[in-house]
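Data block below; observations after.
The values are calculated or read from the model by the stated rules, or taken from the named source; none is laboratory data. Everything numeric in this text was worked out from a predicted model, so none of it was measured. Note: ideal-geometry Cβ built from the backbone for every residue, glycine included; neighbour counts use all protein chains shown.
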Amino acid sequence: MTDSKYFTTTKKGEIFELKAELNSDKKEKKKEAVKKVIASMTVGKDVSSLFADVVNCMQTDNLELKKLVYLYLMNYAKTQPDLAIMAVNTFVKDCEDPNPLIRALAVRTMGCIRVEKITAYLCDPLRKCLKDEDPYVRKTAAVCIAKLHDINGEMVEELGFLNTLRDLTADPNPMVVANAVASIGEIMETSPSARSLLELDFQIVGKLLTALNECTEWGQIFILDAVSNYVPEDSSNAVMICERVAQRLAHANSAIVLSSVKVIMKLIEVMDQSTDQPANFMKKLSPPLVTLLSSEPEIQYVALRNINLVVQKRPDIMKQDMKVFFVKYNDPIYVKLEKLDIMCRLTSEANVAQVIAELKEYATEIDVDFVRKSVRAIGRCAIKVEVAAEKCVSTLLDLIQTKVNYVVQEAVVVIKDIFRKFPNRYESIIATLCENLDTLDESEAKASMIWIIGEYAERIDNADELLESFLDGYQDESQQVQLQLLTAIVKLFLKKPTDTQDLVQQVLSLATNDSDNPDLRDRGYIYWRLLSTDPAAAKHVVLAEKPLISAETDLIEPTLLDELICHISSLASIYHKPPAVFVDGKASYFRKALPLNSDEKNFSSPTPAVTQPSVIPDSSHPAIGDLLDIDSFVPSQGNSTVPNSAVDLLSDGLEGLGGIGFGAPSPGTAGNHVTSDGFVDSGLLSGLNDVFGLSQSTSYIPPQEVWLPGVKGKGMEVSGTFCRRNNQPIMELTISNKALDRMSSFAIQFNKNSFGLQPAQQISTNSPVLPNSSINVSLPLNTSGQVQKSEPLNSLQVAFKNNVDVFYFSCIVPLHILFTEDGEMDKRVFLATWKDIPSANEFQTDVDNVQHNADTVSSKLKNNNIFTVAKRNVDGQDMLYQSLKLSNDIWVLAELKVQPGNSCFKLSIKSRAVQVYDGILGAYASILHSA
């Protein structure tokens with residue numbers, strides 16, 4: 001009868017019976033009882049109450065029984081740490097047993113019992129086993145060091161176990177060497193302090209390579225991984241290591257082959273590039289990689305992912321083996337797609353004709369994904385190999401004639417890229433493309449076709465009709481198509497202004513008035529204002545010469561590629577991502593790079609980078625995210641409007657191309673792009689100021705926003721902004737009557753807020769507001785109201801009353817209107833306060849696109865009650881030390897670094913009240929970006 005009988009019992013009172021059997025004098029009965037306990041434990045029953053009884057069974061010479069007891073001990077030692085100490089004496093005794101299997105079993109179990117209370121007791125037995133005469137015991141003890149280090153790394157390092165482990169790499173038994181190397185690798189992953197102790201040298205690497213031939217397959221992989229982390233001091237050492245490792249390239253185990261490839265790929269970098277050695281070793285890498293492609297599909301895929309990296313780093317390795325990457329009919333789709341990718345990378349003038357013929361066959365297959373990628377591969381070949389471009393275009397036209405929908409759409413996308421690469425060369429095929437316009441239903445294909453029509457509009461007689469056909473469902477199209485259609489129609493207008501004015505007006509109106517997409521609106525406003533003010537500039541911008549596209553657009557970034565080469569034969573080489581991305585806690589160890597080759601070493605600068613000294617003593621500058629990561633404000637309600645001066649200029653309209661009057665956006669729509677912080681986009685306003693020459697006010701006043709739309713206010717629309725005048729915050733209101741009856745009896749009230757803001761007086765109007773008219777009101781505010789923290793800090797809830805009803809809305813108060821006029825701090829007080837505020841309270845960010853120098857910045861900020869306490873110039877960089885004070889007596893200190901000629905300023909702020917940082921950063925950005 002098999003041991004399955006132990007898993008079938010459901011007797012009641014079983015624990016009591018097991019306890020009696022465990023204490024029996026008969027060895028067989030005791031053994032049977034332990035088996036029953038292990039079976040119960042395996043199926044999830046709680047048998048921890050038998051801990052003491054099971055541990056008593058350790059005192060036996062029966063190896064099978066001892067294994068069972070140790071198995072139980074490993075499972076329950078965590079929950080019974082006090083009782084686990086009972087087993088220590090037995091461990092010590094078993095480590096001196098004449099039977100090496102028992103000694104090894106004791107060592108293995110010691111490493112698996114993760115209880116710190118008994119860890120110290122196990123060090124002496126472990127030290128003895130590391131020097132045991134039997135290699136099986138030594139190799140088990142080597143693994144135990146890694147397990148013990150994971151429990152208590154400091155103790156292991158203090159007691160010298162790492163040195164002993166390093167010595168085991170010279171053990172005469174290859175099995176011991178492999179386990180020692182595996183433990184070293186495990187420890188180095190988790191302990192930066194241990195790396196210096198376990199670093200390999202050339203002598204140890206030589207011993208590891210000697211043991212390589214006699215190790216098991218897994219042992220060879222451990223050793224090869226260790227050798228790959230060693231960087232030889234000179235080329236001769238690298239050549240010697242590669243010669244010994246190259247023998248492993250013929251191994252039947254694919255993991256060993258890839259590990260050997262990794263070692264050679266890394267060491268080729270160290271070799272003298274002027275000799276034939278690098279080329280000779282590269283020739284040796286091709287046959288084993290080709291052999292892997294005759295394995296089962298799963299291994300093929302792993303090999304292909306690794307070959308993809310090798311080919312990107314060293315294309316010459318596989319340049320003669322193009323045919324092995326030709327797709328077979330029975331390849332799985334994931335293998336087919338990888339082969340296609342590598343084929344494109346290996347395409348050259350010598351083999352491009354063969355590759356194109358092969359790809360054309362693939363494009364007639366049944367699998368849609370495979371066909372799509374095949375068509376794209378033809379385009380990649382055209383872009384990469386110029387002499388084959390005409391053949392590729394001809395092939396694509398043949399594929400278009402098949403009228404297969406997805407083939408046609410991919411071909412259109414590809415031809416667009418070919419036009420980008422070879423402008424004014426293959427425009428004769430545009431007519432053929434236009435014939436298939438009605439079959440396009442995918443966004444990318446539509447966008448590509450629209451780009452082609454817009455780019456060559458002057459050569460297409462009915463270009464306006466073709467583009468107009470896309471406008472009917474403009475709002476239903478994807479963003480990609482909408483943006484491309486907007487640009488294409490503007491191109492068409494610039495090339496044929498007399499016939500397309502209505503069309504461009506229509507698309508600009510759709511993009512700005514009817515779209516909620518901020519990217520589309522921004523582009524529409526930019527085009528509209530360019531065409532309104534300076535058609536020549538519009539032509540220069542929109543019809544500018546485009547940069548040619550790269551031959552290889554999907555190459556892995558070189559630094560990342562070097563790191564992935566160091567991880568060939570691991571998951572990182574399959575994901576094509578560094579291990580730090582998907583393995584927690586391994587970032588520092590896994591971040592590897594290829595060694596510099598001899599040429600790179602000659603050009604690398606030996607001088608370390610000069611660190612910019614800290615201007616303010618004792619201040620630290622931790623790395624932080626940029627301002628875009630800070631959720632400073634909540635989105636505002638409603639739309640905002642452009643300042644009146646801008647609206648007037650826009651509404652006047654300027655003469656367009658060819659003497660045609662080209663109207664600008666209406667006041668209701670122009671400039672109503674509201675960013676997530678509730679303000680009109682600063683870049684847009686900056687452009688307006690540059691174009692229209694708007695005058696600069698002494699202090700920054702944000703543009704008005706619609707706080708209460710007329711739809712919600714029963715015909716009353718309230719828009720406004722905030723400013724500071726005469727040492728007092730002001731709410732500037734515009735009350736518009738969009739109803740049929742007059743409005744009067746206006747009153748306003750604020751909810752409790754973070755700064756105690758409240759109206760200093762009630763709204764007073766001399767007369768009612770008539771229908772279709774509006775009034776402007778300046779409402780002084782004070783900060784003596786009730787304080788209650790709001791979220792966000794500078795939000796304000798408002799109740800607004802008229803003769804119709806009471807309405808509610810919320811708005812954002814720009815924090816700079818609460819900066820007081822007495823915010824200039826003495827220099828000595830500034831320095832002492834900066835030192836006194838904890839460094840953890842310091843926050844740094846960048847303020848981009850600031851078109852001012854240090855003097856104008858200082859003046860602009862002073863106008864908004866941000867005072868420059870001191871100014872220094874360090875290495876050509878202006879340092880402004882500034883202070884400001886909020887109305888609730890919160891002080892904020894700042895350091896602004898201004899590099900002449902650089903529009904990106906570095907801002908550091910410190911305060912004891914970190915809650916105000918979002919508002920302060922928003923105020924700085926708004927003020928510095930204002931005209």
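For region 534-556, the count of residues that are polar (S, T, N, Q), closer than 30 Å to TYR301 by Cβ and assigned to a helix (DSSP H, G or I) is zero.
In region 69-84, of all residues being surrounded by fewer than 20 Cβ atoms within 10 Å (Cβ to Cβ) and either modelled with pLDDT of 75 or more or acidic (Asp, Glu) (or both), the one that is nearest to PRO125 (Cα to Cα) corresponds to MET74.
The sole residue among GLU427, GLU365, GLU390 that is in contact with a Phe, Trp or Tyr (Cβ under 7 Å, 6 or more places away or on another chain) and acidic (Asp, Glu) is GLU427. Taking (1) more than 25 Å from LYS403 (Cα to Cα); (2) within 32 Å of the chain's Cα centre (by Cα); (3) polar (S, T, N, Q) in turn, SER478 satisfies each apart from (1). Can you tell me which residue in region 750-772 is surrounded by the most Cβ atoms within 10 Å (Cβ to Cβ), limited to those that are in contact with a Phe, Trp or Tyr (Cβ under 8 Å, 6 or more places away or on another chain) and within 23 Å of ASN794 (Cβ to Cβ)? Applying the filter and picking the extreme gives LEU757. All of VAL310, VAL245 fail the test of being free of Cβ contacts under 8 Å to residues at least 40 places away in the same chain and assigned to a helix (DSSP H, G or I), apart from VAL245. Of the residues that make up region 818-826, is at least one of a type in the set (Val, Ile, Thr) and either touching a strand residue (DSSP E or B) at 6+ places or on another chain (Cβ under 8 Å) or not in a helix (DSSP H, G or I) (or both)? Scanning region 818-826 turns up at least one residue that is of a type in the set (Val, Ile, Thr) and either touching a strand residue (DSSP E or B) at 6+ places or on another chain (Cβ under 8 Å) or not in a helix (DSSP H, G or I) (or both).
Every residue, every condition in (1) closer than 17 Å to CYS112 by Cβ; (2) crowded, with 18+ Cβ neighbours inside 10 Å, yes or no:
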{"position": "ASP134", "(1), (2)": "no, no"}
{"position": "ARG138", "(1), (2)": "no, yes"}
{"position": "LEU148", "(1), (2)": "yes, yes"}
{"position": "GLU154", "(1), (2)": "no, no"}
{"position": "GLY160", "(1), (2)": "no, no"}
{"position": "THR169", "(1), (2)": "no, yes"}
{"position": "VAL176", "(1), (2)": "no, yes"}
{"position": "VAL181", "(1), (2)": "no, yes"}
{"position": "THR190", "(1), (2)": "no, no"}
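To keep it simple, each residue is scored yes or no on (1) in contact with a Ser or Thr (Cβ under 8 Å, 6 or more places away or on another chain); (2) aliphatic (A, V, I, L, M); (3) modelled with pLDDT under 90.
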position	(1), (2), (3)
ASN308	no, no, no
PRO315	no, no, yes
TYR329	no, no, yes
LYS336	no, no, no
SER348	no, no, yes
ILE356	yes, yes, no
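Of the residues VAL777, VAL850, VAL804, the single one that is in contact with a His (Cβ under 8 Å, 6 or more places away or on another chain) and not in a helix (DSSP H, G or I) is VAL850. Is it the case, given these coordinates, that ASP97 is outside any helix (DSSP H, G or I), farther than 17 Å from ILE151 by Cα and free of Cβ contacts under 8 Å to residues at least 24 places away in the same chain? Against the criterion (outside any helix (DSSP H, G or I), farther than 17 Å from ILE151 by Cα and free of Cβ contacts under 8 Å to residues at least 24 places away in the same chain), ASP97 qualifies. Report whether or not ALA457 is under 34 Å from the mean Cα position of the chain (by Cα) and buried (at least 19 other Cβ atoms within 10 Å of the Cβ). Criteria not met by ALA457. When region 139-170 is filtered for residues that are more than 40 Å from the chain's Cα centre (by Cα) and touching a residue at least 40 places away in the same chain (Cβ under 8 Å), only LYS139 remains. For LEU494, are the conditions met, namely being closer than 24 Å to ILE460 by Cα, more than 33 Å from the chain's Cα centre (by Cα) and not in a loop (DSSP other than H, G, I, E, B)? Answer is yes for this residue. When both residues are 6+ apart or on different chains and their Cβ atoms are under 8 Å apart, which pairs have a first residue that lies in region 823-838 and is assigned by TED's automatic domain parsing to the domain that holds ASN888, and a second that is assigned to a helix (DSSP H, G or I)? Qualifying pairs under 8 Å: MET825/THR833. The single residue among GLU32, GLU28, GLU14 that is at pLDDT 75 or above, surrounded by 14 or more Cβ atoms within 10 Å (Cβ to Cβ) and more than 25 Å from LYS147 (Cα to Cα) turns out to be GLU32.
Take ILE763 and decide whether it is within 19 Å of PHE809 (Cβ to Cβ) and in a strand (DSSP E or B). So ILE763 does not fit the description; no.
Might you let me know whether region 187-205 holds any residue that is closer than 19 Å to LEU249 by Cβ and either under 40 Å from the mean Cα position of the chain (by Cα) or of a type in the set (Val, Ile, Thr) (or both)? Looking for residues that are closer than 19 Å to LEU249 by Cβ and either under 40 Å from the mean Cα position of the chain (by Cα) or of a type in the set (Val, Ile, Thr) (or both), one finds at least one in region 187-205, hence yes.
If the condition is being in contact with a Leu (Cβ under 9 Å, 6 or more places away or on another chain) and closer than 19 Å to TYR917 by Cα, then region 826-853 contributes PHE830, THR833, TRP834, ILE837, PHE843, GLN844, THR845, ASP846, VAL847, ASP848.
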